Amino acid sequence: MNRQHYLPEEIRYQLRLITGISLGIFLFLLFFLPFEHRELAYNENLLFVIGLAAISFVVMVIFRILLPSFLNRTLRLETYKISNEVVIVLLIWVFIGLGNIFYLRYVGLLKLSLFTGFKIILFSSFPSVILKIADVNKSLRDQLKNMVEKNIRMGRQGTEEEQGISPPELIFSDTQSDKIELRPDDIMLVRSADNYVQIFYRKDEKVQQKLLRKTITNMYAQLRKYPAFIRCHRTCIVNSRYIVSLKNNYRGYSLKLLDYEEEIPVSRQYILAVKEQLESE
């Protein structure tokens with residue numbers, strides 16, 4: 001069966017972003033020692049630096065995850081929209097700055113001066129600046145993704161108009177005890193799930209799924225008569241009309257599908273066939 005994500009995608013994104021920023025703060029403090037706090041042994045100094053990084057982590061979690069979630073439940077605001085507001089970025093700066101001042105003064109026994117205070121405030125602004133840059137970058141990527149998906153939808157609609165609407169296909173389980181009737185054009189993806197297959201399809205502009213007791217081999221044997229369906233992995237069959245992009249990184253090749261969150265793996269066995277299919281379209 002597919003692994004289930006218990007955290008929403010936005011929360012997981014925020015946690016990755018916050019953890020990355022906090023780790024960067026920790027490494028910067030550990031190697032550059034920008035504040036002249038009291039001298040500590042190595043292990044004590046390590047814990048002291050962890051404490052400073054933890055202040056930024058906790059403040060960002062509160063304002064980027066907990067507060068938006070609370071307001072969304074109580075005031076029914078659009079989920080996580082508040083995380084992009086300038087006032088939230090400024091509040092993060094203020095609270096991190098105050099936390100750092102108290103921590104350095106009463107734990108690090110740092111003597112405060114006008115110049116030291118300026119350094120602390122400037123240092124405390126880094127998380128907010130990085131968060132805002134990340135928000136702008138994510139917004140631009142989302143806009144680009146929406147444009148690509150819109151083009152794919154328009155191209156798909158044009159193809160359907162040219163070729164005509166394909167008749168429904170009756171798909172039976174291997175035991176003949178269950179069935180589903182779908183237009184091949186609406187089927188996006190088929191994934192193997194042990195002795196079952198998960199069929200992901202579009203209905204009323206929403207992605208739905210059906211679990212059917214059927215092997216992926218038998219499923220492909222039924223769908224291969226339609227040129228748009230390609231085998232990209234021993235566990236996956238995709239409809240090439242829904243492919244947004246083909247990616248390649250250290251984990252290998254993968255496909256991004258329209259309106260589907262997870263990336264689909266592409267094995268070496270099928271990569272040439274996938275590339276040829278995409279080039280032919």
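Got at least one residue in segment 64-84 being under 13 Å from residue 127 (Cβ atoms), assigned to a helix (DSSP H, G or I), at pLDDT 85 or above and under 20 Å from the mean Cα position of the chain (by Cα)? Scanning segment 64-84 turns up at least one residue that is under 13 Å from residue 127 (Cβ atoms), assigned to a helix (DSSP H, G or I), at pLDDT 85 or above and under 20 Å from the mean Cα position of the chain (by Cα).
Residues in segment 254-272 that are farther than 19 Å from residue 209 by Cα and in contact with a Lys or Arg (Cβ under 7 Å, 6 or more places away or on another chain): 254, 267, 270. The residues listed here are 248, 239, 195; of these, the one that is under 24 Å from the mean Cα position of the chain (by Cα) and surrounded by fewer than 20 Cβ atoms within 10 Å (Cβ to Cβ) is 248.
For segment 159-170, check the following and say yes or no: at least one residue is at pLDDT 90 or above and surrounded by 13 or more Cβ atoms within 10 Å (Cβ to Cβ). Outline the logic, then answer.
Of all residues in segment 159-170, those at pLDDT 90 or above come to 170.
In the following step, the residues that additionally are surrounded by 13 or more Cβ atoms within 10 Å (Cβ to Cβ) were identified as none.
For segment 159-170, residues at pLDDT 90 or above and surrounded by 13 or more Cβ atoms within 10 Å (Cβ to Cβ): absent.
Would you be able to say whether some residue in segment 186-202 is in a helix (DSSP H, G or I) and either within 19 Å of residue 173 (Cβ to Cβ) or without any contact (Cβ under 8 Å) to a residue 24 or more places away in the chain (or both)? Yes; the residues of segment 186-202 include at least one that is in a helix (DSSP H, G or I) and either within 19 Å of residue 173 (Cβ to Cβ) or without any contact (Cβ under 8 Å) to a residue 24 or more places away in the chain (or both).
Conditions (1) under 14 Å from residue 189 (Cα atoms); (2) among the aliphatic types (A, V, I, L, M), marked per residue:
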| position | (1), (2) |
| --- | --- |
| 212 | yes, yes |
| 225 | no, no |
| 235 | yes, no |
| 249 | no, no |
| 260 | yes, no |
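For residue 255, state whether it is assigned to a strand (DSSP E or B), of a type in the set (A, V, I, L, M, F, W, C) and surrounded by fewer than 17 Cβ atoms within 10 Å (Cβ to Cβ). Talk me through it step by step, then tell me what you get.
On the way: assigned to a strand (DSSP E or B): yes; of a type in the set (A, V, I, L, M, F, W, C): yes; surrounded by fewer than 17 Cβ atoms within 10 Å (Cβ to Cβ): no.
In short, no.
The values are calculated or read from the model by the stated rules, or taken from the named source; none is laboratory data. Being a predicted model, the structure only gives us computed values, none of them experimental. Note that we place each Cβ from the backbone using ideal geometry, even for glycine, and neighbour counts take in every protein chain shown.
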